1. Quick check on the exposure proxy: order M72, M90 from fewest to most C-beta atoms within 10 angstrom.
2. Provide the per-residue ³J(HN,Hα) series for region 31-40, in order, calculated from phi with Karplus coefficients 6.51, -1.76, 1.60 and θ = phi - 60°, each as a whole number of Hz, with x at glycine and proline positions.
3. Given the options A44, N79, M90, identify the residue whose Cα lies farthest towards the positive end of the charge dipole of region 36-91 (+1 on Cβ of Lys, Arg; -1 on Cβ of Asp, Glu).
4. For D97 and L73 in one chain, what is 0.36 nm times their gap in residues minus the Cα-Cα distance, to one decimal in nm?
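Derivation of every value follows stated rules applied to the coordinates shown; laboratory data play no part. Predicted, not measured: the structure shown is a model, and the values here were computed from it. Neighbour counts are summed over all protein chains in view; Cβ atoms, including those assigned to glycine, are modelled from backbone coordinates with ideal geometry.
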Amino acid sequence: MNNALPYRSFTLRRNIPILIGAFLCLYFGYHIIQGHRSLPALVAVQHDVVEKNAELVILKSKREALERKVVMLRPGSLNKDFLEERVRFMLGYRHPDEWFVSGSGLR
């Protein structure tokens, strides 16, 4: 007698697309979690971007302050008091009765 089951038996030829799909899902699933292009790496890069943007804001404010000082030293708009202050600071000149107070520690 023929032992015919009501369902078809497992054949490799019919299930190759399913196996390929399962292996592809496993492959991409692994690489989403591990590797240098994974989700944790993406979060780390986003964190670095936030830090660099904060640093950029600080550097832009320093640049604007330097640009204001440069404008005061240009020949067309030379501020003699500022020029004298910079010369004294850079060369260390001062009168004997003067006190030098640095504003670098003040905020």
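1. Numbers: M72 15, M90 8.
The fewest-first ordering by Cβ neighbours comes to M90, M72.
2. Taking θ as phi minus 60°, the curve returns 6, 6, 8, 10, x, 7, 10, 8, 5, x Hz for region 31-40.
3. Comparing the listed Cα positions along the dipole, N79 ranks first.
4. Numbers: separation 24, 0.36 × 24 = 8.64 nm, distance 2.70 nm.
Length gained, D97 through L73: 5.9 nm.
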